[in-house]
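A.B. asks: If you scroll down you'll find the structure; I have some questions about it.
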Amino acid sequence: MFTTRLDAALLAVAYLFIGVALIGFATFGLHPELLAASPSSAALYGPIYTRIGQVQVWLLWAVLAAVLIRHTGVRWVPAFAAVYVLSFLSEFFGTGYGIPFGGYAYTALLGGKWFGQVPYVIPLSWFAMAIPSFALARAFGVAGTPVRRLLVASAILVAWDLALDPAMSHLTPYWVWSDSGPYYGMPWLNLLGWYVTGLVLMGALTLLRADRWIDRLDLRWLGAYYGVNILMPVGMMAAAGMWLGVLVTLTVYVLLAAVALVPPSRTHALTTATNLMT
């Protein structure tokens, strides 16, 4: 399935929005003294700042939903419902009991919350990244086993958080950790929680045979869509000079690509040759 002009236009809108948001963050978010010097800018940026996170999630989800409807009809809806419920449960236990991510709480910046704990938009964000992660893992791991694809898909999802968490909890207070960790305040347990949650979501997509309709989507478009999601947190870190976070994120992506692109048959052949030599 090839990308249509409308698909490309929707993606362009998303990139334009993220670009403008990054300019605003680099200008006013990192230099609040500029707002103090310009009351008119403060009056404009203040309301935008309190809503930009919610608008971003809704916009990116809507772009994906529009493309899914165009190419798959309503076949994606059961998978969306499953991912929404499962990711909500993971977040609910995380915010309520510290399992599986560690203790944390969402602030009011992401809007209304289920049961006063999990913002309505958070499961939308999980879905928006689960779909391209699942698709990319399938594309890179065609020769691999289903288990290998699940492991890679979950790792692709987790890689997003290496940029997301520093940007959204260290640079901006979208959520607050109960106990500070070594990676820009994030505890390492969070990555394990992400990976476990990712495995559950990818397993659900597999059981629901999401591949039957995901294969109708243009992989290049899905890759670019994943990119627009990662652009905001990576761009924020770069603007703030958090180069360690940028380097870690990009390095993990390179490693994931290397692992995903190595055919299992080649790995087996290398192992066999090594055993024969010894």
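The values are calculated or read from the model by the stated rules, or taken from the named source; none is laboratory data. The structure displayed is predicted, hence computed values, not measured ones. FYI the Cβ positions are ideal-geometry reconstructions off the backbone, even for glycines, and counts take in every protein chain you see.
A.B. asks: Using the structure shown, decide if Leu109 is over 25 Å from Leu256 (Cβ atoms) and either in a loop (DSSP other than H, G, I, E, B) or not β-branched (Val, Ile, Thr) (or both).
C.D. replies: Values: over 25 Å from Leu256 (Cβ atoms): yes; either in a loop (DSSP other than H, G, I, E, B) or not β-branched (Val, Ile, Thr) (or both): yes.
Yes: the conditions hold for Leu109.
Okay, residues lined up against (1) at pLDDT below 90; (2) touching a Leu at 6+ places or on another chain (Cβ under 9 Å); (3) among the polar types (S, T, N, Q):
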site: Thr3; (1), (2), (3): yes, yes, yes
site: Leu6; (1), (2), (3): no, no, no
site: Ala9; (1), (2), (3): no, no, no
site: Val13; (1), (2), (3): no, yes, no
site: Val20; (1), (2), (3): no, no, no
site: His31; (1), (2), (3): yes, no, no
site: Ala36; (1), (2), (3): yes, no, no
site: Leu44; (1), (2), (3): yes, no, no
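A.B. asks: So Ala137 ticks every box in (1) farther than 27 Å from Leu68 by Cβ; (2) buried (at least 21 other Cβ atoms within 10 Å of the Cβ) but one. Which box is left unticked?
C.D. replies: The one condition Ala137 does not meet is (1).
A.B. asks: Related question: Can you tell me which residue among Tyr15, Tyr84 is of a type in the set (Ser, Thr, Tyr), surrounded by fewer than 18 Cβ atoms within 10 Å (Cβ to Cβ) and within 20 Å of Arg220 (Cβ to Cβ)? Spell out the reasoning first.
C.D. replies: Numbers: Tyr84 fails: within 20 Å of Arg220 (Cβ to Cβ).
It is Tyr15.
A.B. asks: So how many residues does segment 28-57 have that are in contact (Cβ under 8 Å) with a residue 60 or more places away in the chain and small (Gly, Ala, Ser)?
C.D. replies: Of the residues in segment 28-57, 2 are in contact (Cβ under 8 Å) with a residue 60 or more places away in the chain and small (Gly, Ala, Ser).
A.B. asks: So, in segment 65-89, how many residues would count as being in contact (Cβ under 8 Å) with a residue 24 or more places away in the chain, assigned to a helix (DSSP H, G or I) and closer than 16 Å to Leu205 by Cα?
C.D. replies: Within segment 65-89, the first condition is being in contact (Cβ under 8 Å) with a residue 24 or more places away in the chain, and the residues that meet it are 66-68, 70-72, 75-76, 78-80, 82-88.
Checking which are assigned to a helix (DSSP H, G or I) leaves us with 66-68, 70-72, 78-80, 82-88.
Pick out the ones that are also closer than 16 Å to Leu205 by Cα and you get 68, 72, 78-80, 82-88.
Qualifying residue count for the region: 12.
A.B. asks: Of the conditions (1) aliphatic (A, V, I, L, M); (2) in contact with a Gly (Cβ under 8 Å, 6 or more places away or on another chain); (3) surrounded by fewer than 24 Cβ atoms within 10 Å (Cβ to Cβ); (4) within 21 Å of Trp221 (Cα to Cα), Val121 satisfies every one except a single condition; which number is it?
C.D. replies: For Val121, the exception is condition (4).
A.B. asks: Does Pro173 count as surrounded by fewer than 16 Cβ atoms within 10 Å (Cβ to Cβ) and either under 15 Å from the mean Cα position of the chain (by Cα) or without any contact (Cβ under 8 Å) to a residue 60 or more places away in the chain (or both)?
C.D. replies: On the way: surrounded by fewer than 16 Cβ atoms within 10 Å (Cβ to Cβ): yes; either under 15 Å from the mean Cα position of the chain (by Cα) or without any contact (Cβ under 8 Å) to a residue 60 or more places away in the chain (or both): no.
No, not satisfied.
A.B. asks: Also: Is it true that Leu219 is out of contact with any Phe, Trp or Tyr (no Cβ under 9 Å at 6 or more places or on another chain), under 24 Å from Thr72 (Cβ atoms) and without any contact (Cβ under 8 Å) to a residue 12 or more places away in the chain?
C.D. replies: Numbers: out of contact with any Phe, Trp or Tyr (no Cβ under 9 Å at 6 or more places or on another chain): yes; under 24 Å from Thr72 (Cβ atoms): yes; without any contact (Cβ under 8 Å) to a residue 12 or more places away in the chain: no.
So Leu219 does not fit the description; no.
A.B. asks: Looking at the structure I just gave you, is Leu60 surrounded by 14 or more Cβ atoms within 10 Å (Cβ to Cβ) and out of contact with any Cys (no Cβ under 8 Å at 6 or more places or on another chain)? Working first, answer last.
C.D. replies: Working: surrounded by 14 or more Cβ atoms within 10 Å (Cβ to Cβ): yes; out of contact with any Cys (no Cβ under 8 Å at 6 or more places or on another chain): yes.
Yes, satisfied.
A.B. asks: Taking only pairs six or more apart or across chains, which ones have beta-carbon atoms under 7 Å, a first residue in segment 236-252 that is under 21 Å from Ala21 (Cβ atoms) and at pLDDT 95 or above, and a second residue that is assigned to a helix (DSSP H, G or I) and polar (S, T, N, Q)?
C.D. replies: none
Each row is one residue, and each column tells you yes or no for (1) free of Cβ contacts under 8 Å to residues at least 60 places away in the same chain; (2) surrounded by 14 or more Cβ atoms within 10 Å (Cβ to Cβ); (3) within 26 Å of Ala108 (Cα to Cα).
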{"residue": "Thr3", "(1), (2), (3)": "no, yes, no"}
{"residue": "Leu6", "(1), (2), (3)": "no, no, no"}
{"residue": "Leu10", "(1), (2), (3)": "yes, yes, no"}
{"residue": "Ala26", "(1), (2), (3)": "no, yes, yes"}
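A.B. asks: Follow-up. Only one of Pro166, Pro182 is without any contact (Cβ under 8 Å) to a residue 12 or more places away in the chain and over 17 Å from Pro100 (Cα atoms); which? Quick ask: steps written out before the conclusion?
C.D. replies: Values: Pro166 fails: without any contact (Cβ under 8 Å) to a residue 12 or more places away in the chain.
After ruling out the rest, the residue left standing is Pro182.
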